[in-house]
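In what follows, a single structure is set out as structure tokens and then discussed.
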Amino acid sequence: MTVPIAKLSFWGVRGSTPTVDPATWRYGGNTPCLELIAPDGTQFILDCGTGLRMLGSRWATPNGGKAPETQILVTHYHWDHIQGIPFFSPLYVENNEFHFYSFRSKYLGRDSLKQVFEAQMALPYFPVDMSAMNAKRKFKEMDGGDTFKVGENKITARWLNHPQGCLGFRIETPAGTVAYATDNEPGDPKLDESLRELAAGADIFINDAQFTPEQLETTRKGWGHSSWLEGVKVARHAGAKTLVLFHHDPDSTDRMVDSILRQAREEFDSVYAASEGMVITLGAPGDRVQAHMPGTRTALRREAQFHAKVCGVTEGGKDFEEETIVRDISLQGALISLKHLPRLQSELQVTMEAPGADGVQAMNLRGYVVRIEAGPEKGHVAVGVVFTD
Ligand SMILES: [Zn+2]
Ligand SMILES: [Zn+2]
């Protein structure tokens, strides 16, 4: 008998608007889109932010045959949760079939999500119209409190506290339970209770962590979002096992998200900050929950043989220090001091040498000049390069 495993992939984790600011590349700039593959093979997509385009470009049809039906749950109609739809290539392929679930908005009336599709692709907002979308699309209306089954999986929806409304989803699979609660603000007793119901005993509880606790109490109060601290409180109260901080503010740099994560980890045992490309598996033997970061998010990699001393903290929370050999290094860029003045946006060949395990090691890299400033020494310039090859 095979062990039931569910796979949860994060294709977009940023809130409000996409960002391509280099200071945000590590956690990623695409807006919300998650994919959950249940043990029975049912594919769920949660939200259609700009991350949906990436999912579409990696779309794999099992066995090259007829694509299975995909269940797409949309939490609400703010731009950051729907903007990926026109750019989702599988919607233009005839054999694909999608079941869309969302609520009836009082601003749109019947067939709210269908209207959102049409409005987004209306002229002059998009170059092709709906007739180009050949995949089968079925739209189902749902409401907070609804529960239904797809295959072996039970889906529950609950209202969350957010301007113009937002649904949270709980998906119970034989491998474990995922609660997805993006875009919500604490402070409404009834809706706070709904959130706790969604998260009750969940293996993975994904919660809005856009603002700091200080912002949430002052300048950002009433904006419809939450903080890492509120997530921790709900996770604790509801007995959720792992908390995932989600919907990062577009103005939060990677260093700021690092700091948010560090604070949350001081208060709760198992916390991750959602990161584009992150995959969490549920139900694997041993650890019930395992997070992976596939290589797709890492920069250029090079084999190396450098001596190194490493200090850190163990999974169990103890400090450690050890000597080792760096065997593989990822390189994004460097700042180089030069007497020559290279042309901005030109290529440089850079050979780096370092004492390795077996003598001096050389690394040949191609750099692209992105920045030139006055150097620290007279007659030198400081050249910023990004490694490309
Ligand atoms: Zn949002
Ligand atoms: Zn929203």
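The values are calculated or read from the model by the stated rules, or taken from the named source; none is laboratory data. Since this is a predicted model, take the numbers as computed values, not measurements. Positions of Cβ are generated from backbone atoms using ideal geometry, with glycine treated the same way; all protein chains shown enter the neighbour counts.
Below are the figures for this structure:
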| read-out | value |
| --- | --- |
| Pairs where the first residue, in the stretch 315-327, is outside the structural domain of A354 (by TED's automatic domain parsing) and of a type outside the set (D, E, K, R) and the second is surrounded by fewer than 10 Cβ atoms within 10 Å (Cβ to Cβ) and not in a strand (DSSP E or B), C-beta under 6 Å, 6+ apart | none |
| Cross-chain or 6+ apart pairs with Cβ under 7 Å, the stretch 196-212 first and over 27 Å from D254 (Cβ atoms), then within 16 Å of ligand 2 (Cβ to nearest atom) and of a type in the set (A, V, I, L, M, F, W, C) | L198/A181 |
| Failed item, numbered, when T156 is tested on (1) of a type outside the set (G, A, S); (2) on the phi > 0 side of the Ramachandran plot; (3) not in a loop (DSSP other than H, G, I, E, B) | (2) |
| Residue in the stretch 58-66 that is within 16 Å of ligand 2 (Cβ to nearest atom), out of contact with any helix residue (DSSP H, G or I) (no Cβ under 7 Å at 6 or more places or on another chain), closer than 30 Å to A175 by Cα and among the β-branched types (V, I, T) present | no |
| Any hit, the stretch 1-11, residues being at pLDDT 95 or above, within 20 Å of M54 (Cβ to Cβ) and surrounded by fewer than 20 Cβ atoms within 10 Å (Cβ to Cβ) | yes |
| Residue check, T75 within 16 Å of ligand 2 (Cβ to nearest atom), surrounded by 21 or more Cβ atoms within 10 Å (Cβ to Cβ), polar (S, T, N, Q) and at pLDDT 95 or above | yes |
| Which numbered condition G224 misses (of (1) out of contact with any helix residue (DSSP H, G or I) (no Cβ under 6 Å at 6 or more places or on another chain); (2) buried (at least 23 other Cβ atoms within 10 Å of the Cβ); (3) small (G, A, S)) | (2) |
| Residue selected from the stretch 166-197 under the condition in a strand (DSSP E or B) and within 16 Å of ligand 2 (Cβ to nearest atom), by the criterion nearest to W228 (Cα to Cα) | A181 |
| The stretch 104-136, residues that are out of contact with any helix residue (DSSP H, G or I) (no Cβ under 7 Å at 6 or more places or on another chain), surrounded by 15 or more Cβ atoms within 10 Å (Cβ to Cβ) and within 19 Å of T70 (Cα to Cα) | L113, K114 |
| Subset of the stretch 22-48 that is under 14 Å from F88 (Cα atoms) and away from ligand 2 (no atom under 16 Å from the Cβ) - its residue that is surrounded by the fewest Cβ atoms within 10 Å (Cβ to Cβ) | E35 |
| Residue that is at pLDDT below 80 and over 30 Å from V13 (Cα atoms), where the choices are A357, A374 | A357 |
| Conditions (1) modelled with pLDDT under 90; (2) assigned to a strand (DSSP E or B); (3) within 28 Å of A23 (Cβ to Cβ): number failed by L348 | (1) |
| Answer from F103, F98, F88 - the residue that is over 21 Å from the mean Cα position of the chain (by Cα) and either away from ligand 2 (no atom under 16 Å from the Cβ) or not assigned by TED's automatic domain parsing to the domain that holds P18 (or both) | F98 |
| Enumeration of residues in the stretch 198-214 that are surrounded by fewer than 24 Cβ atoms within 10 Å (Cβ to Cβ) and within 16 Å of ligand 2 (Cβ to nearest atom) | none |
| Strands (runs of 3 or more DSSP E) fully within the stretch 1-100 counting 2 or more residues that are within 16 Å of ligand 1 (Cβ to nearest atom) and touching a residue at least 60 places away in the same chain (Cβ under 8 Å) | 6-12 |
| Members of the stretch 9-21 found to be aliphatic (A, V, I, L, M) and either within 16 Å of ligand 2 (Cβ to nearest atom) or outside the structural domain of C166 (by TED's automatic domain parsing) (or both), listed by number | V13 |
| Selection within the stretch 294-345 - polar (S, T, N, Q) and either surrounded by 10 or more Cβ atoms within 10 Å (Cβ to Cβ) or within 28 Å of the chain's Cα centre (by Cα) (or both) | T296, T298, Q305, T314, T324, S330, Q332, S337 |
| Hits in the stretch 101-112 - residues which are within 16 Å of ligand 1 (Cβ to nearest atom) and part of a loop (DSSP other than H, G, I, E, B) | F103, S105 |
| Filter result (over 16 Å from the mean Cα position of the chain (by Cα) and not hydrophobic (A, V, I, L, M, F, W, C)) within the stretch 256-272 | S259, R262, Q263, R265, E266, E267, D269, S270 |
